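One structure is given here, and the rest of the page talks about it.
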Amino acid sequence: MLSVWLVLVSCMDFLLYSSAEEGLEFPSFDGKDRVLNVNERNYKKALKKYDMMCLLFHEPLPSDKELQQQFHMREMVLELAAQVLEDKDIGFGLLDSHKDAKVAKKLGLEEEGSIYVFKDERVIEFDGELSADTLVEFLLDLLEDPVELISNPMEQRAFERMDEDIRLIGYFKGENSEHYKAFQVTAEKFQPYVKFFATFDKGVAKQLTLKMNEIDFYEPFMDEPVTIPDKPNTEEEIVDFVNQHRRPTLRKLRAEDMFETWEDDMDGIHIVAFAEEEDPDGYEFLEILKEVARDNTKNPDLSIVWIDPDEFPLLTTYWEKTFKVDLFRPQIGVVNVTDADSVWLNMPNDEALPSAEELEDWIEDVLSGKVNTEDDDDDDDDDDDDDIDDDSSDEDHYGDDDDDDD
Ligand SMILES: *[C@@H]1O[C@H](CO)[C@@H](O)[C@H](O)[C@H]1NC(C)=O
């Protein structure tokens with residue numbers, strides 16, 4: 001209940017301001033309960049009834065007050081999404097992992113706390129930030145056609161500018177081409193995480209140097225695509241190729257799949273770069289990072305996660321505290337995903353950013369294990385209570401070192 005109030009209160013401001021003018025009105029929960037409690041009796045009917053079904057697979061309702069509030073906050077995210085998408089034929093539901101373990105098993109749900117979307121024969125896990133904005137965006141993406149057609153130079157330029165996304169583009173004879181159909185079926189399997197484009201236009205194909213039935217794969221931030229060999233390609237060939245090339249050398253952390261990205265670590269660590277694209281230093285650092293990524297794109301062991309702190313305002317102070325870095329400046333470091341222990345490249349305030357070569361040397365040291373999160377751990381008391389008052393005076397660490405251990 002309290003959570004309902006929180007949502008209402010936070011919307012009050014908008015109501016007050018928007019009373020004089022129209023055209024900008026945030027939705028507030030209207031109190032109508034749209035989220036189903038899904039169980040053994042009703043799940044089949046629910047899945048049949050809608051084009052898409054969005055299920056929060058949750059642990060049993062806790063008895064603890066605080067945890068109950070957290071639970072209701074999550075439920076409210078679904079309620080608000082359900083309200084906003086009311087006319088889109090999407091069902092929303094909750095499934096209890098204990099009470100309805102049988103149903104969960106039948107549906108193949110495993111990860112408690114995750115949201116699963118059922119669309120046609122597919123189950124798509126939403127592994128992103130649980131906010132109404134992010135969830136609604138994800139669901140709207142899923143409603144779109146899995147393949148977007150590029151038919152003129154303007155669209156082609158827009159396609160070329162999307163350098164943050166993993167994307168494929170194929171040139172086919174037309175809608176009825178069997179090779180296009182194989183491409184389409186494959187696109188559905190990766191929607192919305194990998195973007196699929198196609199063109200039937202000779203001019204566009206020429207600009208993109210695509211031959212008939214050829215498919216190019218674009219890794220994020222790379223200038224040149226890679227052509228999938230042995231055209232025309234079957235569905236299986238495309239799936240295999242995408243799976244093999246799916247982990248990019250440089251990838252941006254995005255709200256819609258942030259947990260999936262984080263879980264895809266490299267033997268327990270991530271190389272993490274913080275850079276604000278809108279900030280001149282951040283922009284320049286990012287350009288250096290892209291250069292390094294392009295030079296090392298053939299290295300299967302390397303994948304750098306770029307985080308733009310501007311896009312995660314709620315996490316910024318947490319990161320600063322956890323990693324002991326100043327996020328107003330660009331940073332690059334290694335993070336151990338087991339205990340969030342980290343080391344950061346020394347970049348003194350008054351000096352220029354590292355060159356691509358210096359950055360490459362440092363990355364080499366990380367990959368060889370010379371730079372790691374464990375070497376400075378010798379003096380640590382060996383208890384596991386995650387205290388943050390360890391030897392943070394290490395020269396590789398930045399930011400304030402106040403030991404507010406709570
Ligand atoms: C990460 O931290 C854990 C726990 O402290 C440790 O056991 C593990 O070896 C570390 N991994 C790497 C790759 O440093």
Percent of alpha-carbon pairs separated by more than 18 Å within segment 250-368 | 48
Rounded to the nearest 5, the percent of DSSP beta bridges in segment 48-161 running antiparallel is 60
Links that overshoot a 19 Å alpha carbon limit, given the list 49/88; 48/181; 99/189; 195/252 | 48/181; 99/189
A 1.4 Å probe over the protein heavy atoms gives the chain a carbon and sulfur accessible-area percentage of 48
Taking the Cα centre of segment 240-358 as origin, work out the dipole magnitude from +1 charges on Lys and Arg Cβ and -1 charges on Asp and Glu Cβ, in debye rounded to 20.
-> 320
What order, most packed first, do the peptides 226-233, 169-176 have when packing is the mean number of other Cβ atoms within 10 Å of each residue?
-> 169-176, 226-233
Protection proxy ranking, peptides 148-160, 53-65, average beta carbon neighbours within 10 Å, highest first | 53-65, 148-160
In vacuum, with every alpha carbon of the chain counted as one equal point scatterer, what does the Debye formula give for log10 I(q)/I(0) at q = 0.07, 0.08, 0.13 Å⁻¹? Two decimals, please.
-> -0.42, -0.55, -1.31
When the charge dipole of segment 148-245 is computed with +1 at the Cβ of Lys and Arg and -1 at the Cβ of Asp and Glu, the Cα pointing farthest to the positive end, of 212, 152, 245, is that of 152
Please give the per residue accessible area of segment 36-143, computed with a probe of 1.4 Å over protein heavy atoms only, in Å².
-> 54
Can you bin segment 36-143 into rounded, prolate or oblate? Criterion: square roots of the alpha carbon gyration tensor eigenvalues sorted a ≥ b ≥ c, rounded for a/c under 1.5, prolate for a/b above b/c, oblate for the rest.
-> oblate
Excluding ligands, DNA and RNA, what is the solvent-accessible area per residue of segment 250-368 at a probe of 1.4 Å, expressed in Å²?
-> 46
Accessible area (Å², per residue) of segment 148-245, counting only protein heavy atoms and a probe of 1.4 Å | 51
Among 363-373, 214-224, what's the highest-first ranking by average C-beta atoms within 10 angstrom per residue?
-> 214-224, 363-373
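The values are calculated or read from the model by the stated rules, or taken from the named source; none is laboratory data. All values reported here derive from a predicted model rather than from experimental measurement. Neighbour counts are summed over all protein chains in view; Cβ atoms, including those assigned to glycine, are modelled from backbone coordinates with ideal geometry. Each accessible area value is taken on the protein alone, full model and side chains, heavy atoms only, with ligands, DNA and RNA left out. Shrake-Rupley method; radii C 1.70, N 1.55, O 1.52, S 1.80 Å.
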